Amino acid sequence: MKANCWMGRNTVEVREVPDPKILNARDAIIRITSAAICGSDLHLYDGFIPTMEKGDILGHEFMGEVVEVGREVSNLRVGDRVVVPFPIACGNCLACAHGMYSVCENSNPNAALAEKIMGHAPAGIFGYSHMLGGFPGGQAQYARVPFADVGPIKVQDDLPDEQVLFLSDIFPTGWMGAEMCDIKPGDVIAVWGGGPVGQFAIASAFLMGAERVICIDRFPYRLQIAARAGAETLDYEEVDIPDALRDMTAGRGPDACIDAVGMEAHYPIPAVQAYDRAKQATRMETDRPYALREAILACRNGGIVSVIGVYAGLVDKFPMGSFMNRALTMKTGQCHVQRYMEPLLGRIRNGDIDPSFVITHELRLEDAPRGYEMFKHKEDGCNKIVLKP
Ligand code: NAD
Ligand code: ZN
Ligand code: ZN
């Protein structure tokens, strides 16, 4: 089969690789009909996530048709159309029992690698480094889905791929980012990052009853998408964000701040950007936490900082004094996608939201290398790319 493979920093290649096979009784094989490129894939592309190996198959947002099931998968049949959640979860462990699927205790065969960096290991994730399990991803014609009796949900034929594909990741992720804000009527929510994840956080915050949502980014086309969803917008290259947010909230700051940017944040002041880039290059810090620092400093006293942007390791200049003295709360995590798939499918069905609004490009799988470049550099108004194997 053909698959999009990580070949080193800034290089992906669509290669001929062996077809996946059933390895365990709870596996299924999926023929993929749609797969997306995520901001999280850019962290791999840019070489910031350790333990990637040449030839690793990328992709964790995918859906398709079941073509084979292991003997213990009784809920799926050959021919079923399914969306696959990006964290792999067993459904039986303590974490899964609490609905915390992205920290499943049984799905990461390389837990020891992750423990060295993180203390304890999170769940395995498709196409997301060896420290997170070394599972081949879904930017391919076929994928093996472990614990297929727990993760994938069936979708009916009347909803096109474009409307349900993002149940695999970014719609639940944006939803969880807003849910962690514990939104009350009248709340003002600020969202750093106007990418697809930020856009789903904005839509979700409104669905949960936020009074105002403020989106922060620098790309006009992304700020326009946020504005169409009803958000107020701030260009961080034009205004000082904490100042602007103070002015917009009667001096108090937003009730909750969502970081939907993560470890590769950009900063408008070259000297500050150079400081963190140098530390990142020399591995003295692994992540550039500009959005996170601002989200903490801007948040109102006693407010919540919700971090859905991905971080890999250590950050520098974390404003702990502000965080502690002002009684802030931080909530975070890779999304517990399995928890949200059914309820959010219901939301799509009843017309609360049509997730296809994020898509700007559909490419053939063979064009994945061009897709990664375009998405990385935000060229051609690129917001979200769907690959068609
Ligand atoms: P993206 O690259 O399309 O969007 C990121 C946006 O952040 C860009 O528009 C960029 O201009 C903006 N940005 C950069 N620096 C900024 C700054 N200092 N202030 C404000 N905005 C800034 O990526 P995406 O697909 O939207 O993903 C966003 C983040 O969410 C990534 O870190 C990704 O890894 C993460 N993610 C997390 C989960 C999860 O489960 N927690 C799931 C999916 C994605
Ligand atoms: Zn993703
Ligand atoms: Zn589990």
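The values are calculated or read from the model by the stated rules, or taken from the named source; none is laboratory data. If you're wondering where the values come from, they're calculated on a predicted model, not measured in any experiment. For neighbour counting, all protein chains shown are included, and Cβ atoms are generated from backbone atoms with ideal geometry for every residue, glycine included. Ligands, DNA and RNA are excluded from the accessible area calculation, which covers all protein heavy atoms including side chains. Shrake-Rupley method; radii C 1.70, N 1.55, O 1.52, S 1.80 Å.
Kindly indicate the residue of the range 253-286 that is within 21 Å of Gly177 (Cβ to Cβ) and not aliphatic (A, V, I, L, M) and also farthest from the chain's Cα centre (by Cα) among those meeting that condition. Step through it out loud before you land on a result.
Of the range 253-286, the ones within 21 Å of Gly177 (Cβ to Cβ) are 253-266.
Remaining after also requiring not aliphatic (A, V, I, L, M): 253-255, 257, 259, 262, 264, 266.
On the way: Gly253: 26, Pro254: 23, Asp255: 23, Cys257: 17, Asp259: 12, Gly262: 10, Glu264: 13, His266: 18 Å.
Filtering the range 253-286 for residues that are within 21 Å of Gly177 (Cβ to Cβ) and not aliphatic (A, V, I, L, M), the one farthest from the chain's Cα centre (by Cα) comes out as Gly253.
Among the residues in the range 236-246, are any without any contact (Cβ under 8 Å) to a residue 24 or more places away in the chain and open to solvent by less than 20 Å² (accessible area, probe 1.4 Å)?
Yes, there is a match, as at least one residue in the range 236-246 is without any contact (Cβ under 8 Å) to a residue 24 or more places away in the chain and open to solvent by less than 20 Å² (accessible area, probe 1.4 Å).
So which residues in the range 373-385 are within 18 Å of Val197 (Cβ to Cβ), surrounded by fewer than 23 Cβ atoms within 10 Å (Cβ to Cβ), in contact with a helix residue (DSSP H, G or I) (Cβ under 7 Å, 6 or more places away or on another chain) and not polar (S, T, N, Q)? Selection gives Lys376, Gly381, Cys382.
Out of the range 117-157, which residues are of a type in the set (D, E, K, R) and either modelled with pLDDT under 95 or under 19 Å from Asn106 (Cβ atoms) (or both)? Within the range 117-157, Arg144, Asp149, Asp157 qualify. Being touching a Ser or Thr at 6+ places or on another chain (Cβ under 9 Å) and within 15 Å of ligand 2 (Cβ to nearest atom) is the filter; apply it to the range 49-70 and report the residue that is farthest from His377 (Cα to Cα). Top of the filtered list is Met63. Gly134 meets the conditions (1) in contact with an Asp or Glu (Cβ under 8 Å, 6 or more places away or on another chain); (2) closer than 26 Å to Ile359 by Cα; (3) among the small types (Gly, Ala, Ser) in every case but one. The failed one is (2). Just one of (1) surrounded by fewer than 23 Cβ atoms within 10 Å (Cβ to Cβ); (2) in contact with a helix residue (DSSP H, G or I) (Cβ under 8 Å, 6 or more places away or on another chain); (3) not assigned by TED's automatic domain parsing to the domain that holds Ala89 fails for Gln163. It is (3).
State whether the residues of the range 56-65 include one that is more than 19 Å from the chain's Cα centre (by Cα), among the aliphatic types (A, V, I, L, M), under 24 Å from Lys21 (Cα atoms) and open to solvent by less than 50 Å² (accessible area, probe 1.4 Å). No, the range 56-65 contains no residue that is more than 19 Å from the chain's Cα centre (by Cα), among the aliphatic types (A, V, I, L, M), under 24 Å from Lys21 (Cα atoms) and open to solvent by less than 50 Å² (accessible area, probe 1.4 Å).
Yes or no: the range 311-330 includes at least one residue that is within 22 Å of Ser34 (Cβ to Cβ) and crowded, with 19+ Cβ neighbours inside 10 Å. Step through it out loud before you land on a result.
As a first pass, look at the range 311-330 and keep what is within 22 Å of Ser34 (Cβ to Cβ): none.
So far as the range 311-330 goes, no, none of its residues is within 22 Å of Ser34 (Cβ to Cβ) and crowded, with 19+ Cβ neighbours inside 10 Å.
Scanning the range 115-160 for residues that are of a type in the set (Gly, Ala, Ser) and surrounded by 22 or more Cβ atoms within 10 Å (Cβ to Cβ) yields Ala121, Ala123, Gly124, Gly127, Ser129, Gly133, Gly137, Gly138, Ala140, Ala143, Ala148, Gly151.
Scanning the range 100-132 for residues that are in contact (Cβ under 8 Å) with a residue 12 or more places away in the chain and acidic (Asp, Glu) turns up just one, Glu105. Residue under question is Gly137, and the condition is that it be within 16 Å of ligand 3 (Cβ to nearest atom) and assigned to a loop (DSSP other than H, G, I, E, B); does it hold? Criteria not met by Gly137.
Counting only strands (runs of 3 or more DSSP E) that sit wholly inside the range 282-389, those with at least 1 residues that are more than 16 Å from ligand 1 (Cβ to nearest atom) and of a type in the set (S, T, N, Q) are 329-332. Annotation for the range 190-206: at least one member residue is open to solvent by 20 Å² or more (accessible area, probe 1.4 Å) and over 22 Å from Val310 (Cα atoms).
Restricting the first member to the range 66-94 and to residues that are without any contact (Cβ under 8 Å) to a residue 12 or more places away in the chain, and the second to residues that are acidic (Asp, Glu) and away from ligand 2 (no atom under 16 Å from the Cβ), the beta-carbon pairs closer than 9 Å and six or more apart or on different chains are Leu94/Glu105. Could you say whether any residue in the range 331-338 is within 16 Å of ligand 2 (Cβ to nearest atom), within 23 Å of Asp187 (Cα to Cα), touching a residue at least 60 places away in the same chain (Cβ under 8 Å) and open to solvent by 40 Å² or more (accessible area, probe 1.4 Å)? Yes, that holds for at least one residue. Screening His361 on (1) under 19 Å from Asp259 (Cβ atoms); (2) modelled with pLDDT of 95 or more shows it passes everything except condition (1).
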